[in-house]
Amino acid sequence: MDCVETRMSDPIIVAEDVHKWFGNFHVLRGVHLTVSRGEVLVICGPSGSGKSTFIRIINRLEEHQRGRIAVDGIELTNDLRNIEAIRREIGMVFQQFNLFPHLTVFENITLAPIWARKVKRSDAEKQALELLERVGIPEQAQKYPGQLSGGQQQRVAIARALAMQPKIMLFDEPTSALDPEMIKEVLDVMGELAASGMTMIVITHEMGFAREVADRIAFFDEGRIVEAAAPVDFFTAPEHERTKLFLSQILHH
Amino acid sequence: MPAPQTVIPLWRDVRVLRILAQVIFVITLVLVANWFYTNLSRNLGRTGIHVGFDFLHLTAGFRISEGISFESTDSYGYAFWVGIVNTLRVIGIGILLATILGLVAGVARLSTNWLVCKMASVYIETIRNTPLVVQLFFWYTATFLKLPNVHDSLELPGPIYLSQRGLALPVPHLTEHFSSWSYFLVAGLVLACAVYVGRRRYLQRVQRPGFPSAWALITFLGTSALGWFLLPRSPIAWEVPVLSRFNFEGGLQFTPEFAALLTGLVVYTGAFIAEIVRGGILAVSKGQKEAARALALNNLQVLRLVIFPQALRVIIPPITSQYLNLAKNSSLAVAVGYPDLFSVANTIINQSGRAIEMILFIMGSYLIMSLITSAFSNWYNRRIRLVEH
């Protein structure tokens, strides 16, 4: 079942029939997905539906066992060179931020450009300052992650991912670990990023964000994409019963 | 309106109680110390023992076969010093080797390679769960003393000779050409410094990470090697141990006692350090590794830049207590007859009867060594601690 149509002509991520097992547990049961360049895709669905596993497979933090994935024309195989090339194209933001606690904010952002992209130190530092301006916390550069609030840490994490100048950004529930008053500052940064034309896949339950920013919303259930549609259609006329049930659960409380 | 002044009875005032607790503790301490002291001096007076340190100048009258040269005409004090040097020798080499072994075994136990992982597990579990003194007897009586007779020594490349008399290694000594070679060494050192500074400046100018010290080292080695080949004869010669009638002569020799003690301590402590290293690496959250991978850092960079600096913070404190254990366990030298400070002190006690003084000396020596070790590691730990607030 290929329930995702390609609306824009230029696909950057292609996933065909992706399967994944954890032991005997069949997490992903044939995911088909095409993401176009510049598209913002929001993924939602109940916990355990495989949405997180799916985006972790895209940059090989998990291995898929069947199916095919290609990112910007590079096949995701067991070839280390392909894996590293794909990782260089993709930035990832985690639920728990995962900043390096032994490095300052500044060093967190410049580490990968200097070592993985072999950028000059001064260039990496100039870029880090620009990125910190962009996410709105240039004054925190010399602090350590442990000294920042959750919202600030997540914005640093976004800046750190952007420092590799990725073509695609993956967000794995970026606001789920945040206090309510800090969610907005992170969503604002993500909205600004989307407006700049970045290709984004965002797992989130912030439906306000999905409605405003997403080009398309995909609903995951039991290891498959049940439904994918533009936000207007998704919220006003969901096709599947499972989607309706999920929406009624998260929208009315 | 000011708050009503209530008078707190003294026995309920926590400020008073706090001070009172301290005062009671100090008084108790003084009383106990006093009891110990009077008890000791009364008993010593009754048995007619006088505590004093004059006996240290007396002639020892026994021989010590190991370490810096010692004749039976030397004093007790000097004998104890020989013991201290022997202990430090075992501790120093032991800590170094145990750390290397522990690192390797700890990382090996985390390996995804089944055989490597299982071998490390078997080593760690066997060694950690048997008493050290049994292992020392094993190394001494079942391994080193079971080596062939000195006349049928095992010859390893080097030549290194292994026999029941211990280990004999070639030792380098300087020839008359060394003085001309030393000019090359000095020149190499100067060049290396120049290269280091130049390379560092260059790296700073082009803003790249790199290893200027490696460049300096290569320069120094290159210059030294050049000098070596240019000289008519090599500036350093190897003094090879030669078998005489009863034993090897020349070269560097380790007794089986030293070898057994060192092996025992290194193998034993290494197993504990391995578990500490493994724990330290596992203590770094999985998210750290994933974040570093997602940033396209390669495996080695992930380990060196992200995992290891964080693991180190967890590893240092328990590894220090393993170093301290190794230092204190070295007193089991007495079990294999290696003349460490404890074993020498025992002999002195037997001959001079000065038990109280020598026990004080022994405890003092271990205390000083341990305090120095922990002071150093506390300092290091403070230096690398995480900033949280």
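Of the residues making up region A:83-92, those that are facing chain B (nearest Cβ under 8 Å) and out of contact with any strand residue (DSSP E or B) (no Cβ under 6 Å at 6 or more places or on another chain) are A:GLU84, A:ARG87, A:ARG88.
I need the full set of residues from region A:46-82 which are modelled with pLDDT of 90 or more and within 9 Å of chain B (Cβ to nearest Cβ), in order please. Once the filter is applied, which keeps residues that are modelled with pLDDT of 90 or more and within 9 Å of chain B (Cβ to nearest Cβ), region A:46-82 yields A:ARG56, A:ASN59, A:ARG60, A:LEU61.
Could you list, in sequence order, the residues of region B:359-376 that are surrounded by 13 or more Cβ atoms within 10 Å (Cβ to Cβ) and within 20 Å of B:ILE95 (Cα to Cα)? Within region B:359-376, B:SER365, B:TYR366, B:MET369, B:SER370, B:THR373, B:SER374 meet the criteria. Just one of the numbered conditions (1) part of a loop (DSSP other than H, G, I, E, B); (2) open to solvent by less than 20 Å² (accessible area, probe 1.4 Å); (3) more than 8 Å from chain B (Cβ to nearest Cβ) is not true of A:PHE100: (3).
Out of the residues in region B:294-315 that are more than 13 Å from A:ILE114 (Cβ to Cβ) and touching a Leu at 6+ places or on another chain (Cβ under 7 Å), which is farthest from the other protein chains (Cβ to nearest Cβ)? Going through the qualifying residues, I end up with B:ARG313. From the list B:GLU239, B:GLU249, the one residue that fits, being more than 25 Å from B:TYR140 (Cβ to Cβ), more than 14 Å from chain A (Cβ to nearest Cβ) and surrounded by fewer than 19 Cβ atoms within 10 Å (Cβ to Cβ), is B:GLU239. Which one of these does A:GLN95 not meet: (1) outside any helix (DSSP H, G or I); (2) crowded, with 18+ Cβ neighbours inside 10 Å; (3) within 10 Å of another protein chain (Cβ to nearest Cβ)? Only one criterion in (1) outside any helix (DSSP H, G or I); (2) crowded, with 18+ Cβ neighbours inside 10 Å; (3) within 10 Å of another protein chain (Cβ to nearest Cβ) is unmet by A:GLN95, namely (2). Taking region B:119-173 and the strands (runs of 3 or more DSSP E) fully enclosed by it, the elements with 1 or more residues that are aromatic (Phe, Trp, Tyr) and open to solvent by less than 70 Å² (accessible area, probe 1.4 Å) are at B:160-163. In the set (1) more than 8 Å from chain B (Cβ to nearest Cβ); (2) buried (at least 20 other Cβ atoms within 10 Å of the Cβ); (3) hydroxyl-bearing (Ser, Thr, Tyr), A:TYR144 fails one condition alone, (1).
Return the pairs, sorted by first residue and then second, in which the second residue is surrounded by 13 or more Cβ atoms within 10 Å (Cβ to Cβ) and small (Gly, Ala, Ser), the first residue lies in region B:175-192 and is without any contact (Cβ under 8 Å) to a residue 40 or more places away in the chain, the beta carbons are less than 7 Å apart, and the residues are 6+ apart or on different chains. Hits for this filter: B:GLY188/B:SER224; B:ALA192/B:ALA216.
So in region B:291-330, with the set limited to residues that are open to solvent by less than 30 Å² (accessible area, probe 1.4 Å) and not hydrophobic (A, V, I, L, M, F, W, C), which one is farthest from B:SER374 (Cα to Cα)? Full working, then the answer.
Of region B:291-330, the ones open to solvent by less than 30 Å² (accessible area, probe 1.4 Å) are B:291-292, B:294-297, B:301-302, B:305-307, B:310-311, B:315-316, B:319-320, B:322, B:326-327, B:330.
Adding the requirement that they be not hydrophobic (A, V, I, L, M, F, W, C) leaves B:301, B:310, B:320, B:322, B:330.
Values: B:GLN301: 31, B:GLN310: 20, B:THR320: 7, B:GLN322: 11, B:SER330: 17 Å.
Here the answer is B:GLN301.
If only residues of region A:116-130 that are buried (at least 20 other Cβ atoms within 10 Å of the Cβ) and not in a loop (DSSP other than H, G, I, E, B) are counted, the one that is farthest from the other protein chains (Cβ to nearest Cβ) is A:ALA128.
Looking at A:GLY150, A:GLY146, A:GLY136, just one residue is touching a His at 6+ places or on another chain (Cβ under 8 Å), modelled with pLDDT under 95 and not β-branched (Val, Ile, Thr), and that residue is A:GLY146. Is there a residue in region B:56-73 that is outside any helix (DSSP H, G or I), free of Cβ contacts under 8 Å to residues at least 40 places away in the same chain and buried (at least 16 other Cβ atoms within 10 Å of the Cβ)? Checked region B:56-73: at least one residue is outside any helix (DSSP H, G or I), free of Cβ contacts under 8 Å to residues at least 40 places away in the same chain and buried (at least 16 other Cβ atoms within 10 Å of the Cβ).
Can you confirm whether B:ALA291 is at the interface with another protein chain (Cβ under 9 Å from one of its Cβ atoms) and modelled with pLDDT of 95 or more? It would help to see each step written out before you state the result.
On the way: at the interface with another protein chain (Cβ under 9 Å from one of its Cβ atoms): yes; modelled with pLDDT of 95 or more: yes.
Yes: the conditions hold for B:ALA291.
Every test in (1) buried (at least 16 other Cβ atoms within 10 Å of the Cβ); (2) within 12 Å of chain B (Cβ to nearest Cβ) is passed by A:GLN154 save one, and that test is (2).
Answer yes if at least one residue in region B:277-285 is in contact with a strand residue (DSSP E or B) (Cβ under 6 Å, 6 or more places away or on another chain), in contact (Cβ under 8 Å) with a residue 12 or more places away in the chain and more than 14 Å from chain A (Cβ to nearest Cβ), and no otherwise. Within region B:277-285, not a single residue is in contact with a strand residue (DSSP E or B) (Cβ under 6 Å, 6 or more places away or on another chain), in contact (Cβ under 8 Å) with a residue 12 or more places away in the chain and more than 14 Å from chain A (Cβ to nearest Cβ). Only one of the numbered conditions (1) within 26 Å of B:GLY251 (Cβ to Cβ); (2) crowded, with 17+ Cβ neighbours inside 10 Å; (3) among the aromatic types (Phe, Trp, Tyr) is not met by B:PHE178, and that is (2). The condition of being more than 14 Å from chain A (Cβ to nearest Cβ), polar (S, T, N, Q) and not in a helix (DSSP H, G or I) holds for only one of B:SER234, B:SER179, that being B:SER234.
The values are calculated or read from the model by the stated rules, or taken from the named source; none is laboratory data. These numbers were taken from a predicted model, which means no experiment stands behind them. Positions of Cβ are generated from backbone atoms using ideal geometry, with glycine treated the same way; all protein chains shown enter the neighbour counts. Ligands, DNA and RNA are stripped out before the accessible areas are found, and what is left, the full protein with its side chains, is counted by its heavy atoms. Shrake-Rupley method; radii C 1.70, N 1.55, O 1.52, S 1.80 Å.
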